[in-house]
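A.B. asks: Mind having a look at this structure? Questions to follow.
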Amino acid sequence: MEEINRHYLALLERFGIPARIEEAPKRARRMNVVKDGDIFVIRLRPMEKEYHLEFLAYAVREILLPRLVLETPRLRLRRVEAKDAEPLFEGCSDRNTAYLDWGDQPFEEMDGEYGRLMEKYRSDKTRYAICLKEEDRAIGVVNLTVNDDYAVEVMELGYNIVPSRQRKGYAREALSALLELLLEELRLDMVLAGIVEKNEASLHLIRELGFVFEGRRHKAFWDCEGEEPVDLLYFYRERAQEPEPCAENTV
């Protein structure tokens, strides 16, 4: 247990988040998280190693994801900020991007409705601006939403890159880093992605990232003209199965 605890505390420390792990009282919940000043305290009741690992990973996800700043060679993923409204408008005002990414009419101006959308983006705890690291300028967005329709822990992935920055590998770079963090380090069971069938670039990318086709969600939303419903193609990527311990050879 101590090795597992040290690993996750080191992971939080890597992202600048101080934390400690304590044993929870016997009558308390199996796991909860509280604050002691600036320090997060993860309280866990004694349990078998497998369950200890799963509960601890869940607690660390709850702490880290709303505070995530994830860097790649060219990019920084961080929570959406007020200054991102102007550069993100390029994507929100582009008809093709608006239709393929969220099936809606593009914005014509940075008006009150657009401002309310940006307020929502800023309030979403797991929606991140994809920024060019050297400029800290937003070139897209990636968001994660919890999906409770499965027996395991699942998050659904959505993303877009503004038109002028597409076809430069930025989406692949951002999603690769985020998926590695979620599935390998934070032990999320599965990530979903729903793609509009006409979005060939996203379909290609999601398959390249190791997602497997799950099925078609018929009539998921209305098209941007409100004339006909649009299907979504759903894909999933699971956490890699850990190898079983090898049995000792017997003679």
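A.B. asks: Write down the accessible area per residue of the chain in Å², having rolled a 1.4 Å probe over the full set of protein chains.
C.D. replies: 58
A.B. asks: Still on this structure, please answer the following. When N is the residue count of the range 20-77, what does its C-alpha Rg come to as a fraction of 2.2 N^0.38 Å?
C.D. replies: 1.36
A.B. asks: Please say if the range 125-247 is rounded, prolate or oblate, where rounded means a/c under 1.5 for a ≥ b ≥ c the square roots of the C-alpha gyration tensor eigenvalues, and otherwise the choice is prolate for a/b larger than b/c and oblate otherwise?
C.D. replies: The shape class here is oblate.
A.B. asks: Per the 1.4 Å probe, what fraction of the accessible area of the range 166-211, in percent, lies on carbon and sulfur atoms?
C.D. replies: 40
A.B. asks: In straight Cα distance, which lysines are under 23 Å from Lys133, not counting same-chain residues fewer than 8 positions off?
C.D. replies: Correct list for Lys133: Lys83, Lys125, Lys168.
A.B. asks: Mind checking which lysines have their C-alpha under 18 Å from Lys198, skipping anything on the same chain fewer than 8 residues away?
C.D. replies: Reachable lysines: Lys219.
A.B. asks: If the convex hull of the alpha-carbon atoms of the chain is projected onto planes in all directions, what is the mean projected area in square nanometres?
C.D. replies: For the Cα atoms of the chain, the hull's average projected area reads 18.0 nm².
A.B. asks: Pop out the carbon and sulfur fraction of the accessible area of the range 1-156 as a percent, whole number, probe 1.4 Å.
C.D. replies: Answer for the range 1-156 is 45 percent, counting heavy atoms of protein chains only.
A.B. asks: By its C-alpha gyration tensor, with a ≥ b ≥ c as the square roots of the eigenvalues, how is the range 4-127 shaped: rounded for a/c under 1.5, else prolate for a/b larger than b/c, else oblate?
C.D. replies: Note, shape of the range 4-127 comes out prolate.
A.B. asks: Mind checking the range 139-200 for chymotrypsin sites (Phe, Trp or Tyr not before Pro) that DSSP puts in a loop (not H, G, I, E or B) and that have at most 14 other Cβ atoms within 10 Å?
C.D. replies: Sparse-neighbourhood loop chymotrypsin sites (Phe, Trp or Tyr not before Pro): Tyr150.
A.B. asks: Continuing with the same structure: Select from the range 89-138 those trypsin sites (Lys or Arg not before Pro) which occupy a DSSP coil region and have at most 14 other Cβ atoms within 10 Å, ordered by residue number.
C.D. replies: Those satisfying the criteria are Lys125, Lys133.
The values are calculated or read from the model by the stated rules, or taken from the named source; none is laboratory data. Small disclaimer: the values here were computed from a predicted structure and weren't measured. So basically every Cβ, Gly included, is an ideal-geometry build from the backbone, and we count neighbours across all protein chains shown. What goes into the accessible areas is simple: the full protein's heavy atoms, side chains included, and nothing from ligands, DNA or RNA. Shrake-Rupley method; radii C 1.70, N 1.55, O 1.52, S 1.80 Å.
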